[in-house]
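**Q** Quick one: structure below, then a few questions.
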Amino acid sequence: MNPHYTLVARRAAHRCEYCHAPEVIFNFPFEVEHIIPLSKAGEDNKANLALACRACNVHKGDWLTGLDEQTRSDSRLFNPRGDNWEEHFMLDLETGTIHGLTAIGRASVWRLRMNKPMQVTARLRWIQLGFFI
Ligand SMILES: [Zn+2]
């Protein structure tokens, strides 16, 4: 396990800092990911670390940008250390989808594939069970 896991998980309240998936209902700890990947000169310190579910971390990979489908242009991805989630995203409790409110939010939803059918189905269950929000 990443040596920074305890600090990063506590700071994130044990939720994925991108899609807000609740770690408590998973059977494996979430991942400590580098917001700026090490391969892109990101540093291995707590200011560059975030807690991410497997799905978000896999899709984020080494990317720094995503497509804002509204403007058809690239935008940087959401940075959990410097950006406010509620400013960039909105959860639709009825459909279980996450809407990007800004170019950063939309690019992040697109890049991390936050609204793939399996994601939305799971999120709806979490909402119904009271594990989301
Ligand atoms: Zn996630």
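**Q** What part of the accessible area of the chain, given as a whole %, is carbon or sulfur when the probe is 1.4 angstrom?
**A** The computed percentage sits at 56.
**Q** If you don't mind, another one. What's the FRET efficiency of Asp74 with His14 using the Cβ-Cβ distance as r and R₀ = 30 Å, to the nearest 0.05?
**A** With R0 = 30 Å, the Cβ-Cβ based efficiency is 0.45.
**Q** Let me ask something else. Give the residue list of trypsin sites (Lys or Arg not before Pro) in segment 1-96 that are DSSP loop and have at most 14 other beta-carbon atoms within 10 angstrom.
**A** Of the trypsin sites (Lys or Arg not before Pro), the ones in loops of segment 1-96 whose Cβ has at most 14 other Cβ atoms within 10 Å are Arg72, Arg81.
**Q** Looking at the chain, I'd like the Rg to Rh ratio, where Rg is from alpha-carbon atoms and Rh is Kirkwood's inverse mean 1/r.
**A** 0.94
**Q** While we're on this one: First select every other residue whose beta carbon is under 10 angstrom from the beta carbon of Val8; then total the charges, Lys and Arg +1, Asp and Glu -1.
**A** 0
**Q** Name the aspartates and glutamates eligible as straight-distance cross-link partners of Lys40: C-alpha to C-alpha under 14 Å, and not fewer than 8 places from it in the same chain.
**A** Asp62
**Q** Any chance you could check the Cα centroid distance between segment 1-52 and segment 84-133 for me, in angstrom?
**A** The two parts, judged by their Cα centres, are 18 Å apart.
**Q** Can you give the charge dipole size of the chain about its Cα centre, rounded to the nearest 20 debye, using +1 on the beta carbon of Lys and Arg and -1 on the beta carbon of Asp and Glu?
**A** 220
**Q** Let me ask something additional. Can you tell me the equivalent ellipsoid semi-axes for segment 47-87? Use √(5λ) from the Cα gyration tensor, largest first, whole Å.
**A** Each semi-axis is √(5λ); the values are 19, 14, 9 Å.
**Q** What is the dipole size for segment 1-56, taken about its Cα centre, with +1 at each Lys and Arg Cβ and -1 at each Asp and Glu Cβ, in debye to the nearest 20?
**A** That gives segment 1-56 a dipole magnitude of about 120 debye.
**Q** What does the accessible area of Trp63 come to, in Å² to the nearest 10, when a probe of 1.4 Å is used?
**A** 130
**Q** Mean separation of Cα pairs under 8 Å and 6+ residues apart, divided by the residue count of the chain: what relative contact order is that in percent?
**A** Rounded, it is 21 percent for the chain.
The values are calculated or read from the model by the stated rules, or taken from the named source; none is laboratory data. Since the structure is predicted, the reported quantities are computational estimates derived from the model, not experimental observations. We place every Cβ from the backbone using ideal geometry, glycine too, and count neighbours over all the protein chains shown. Quick note on the areas: whole protein, heavy atoms, side chains included, nothing else; ligands and nucleic acids left out. Shrake-Rupley method; radii C 1.70, N 1.55, O 1.52, S 1.80 Å.
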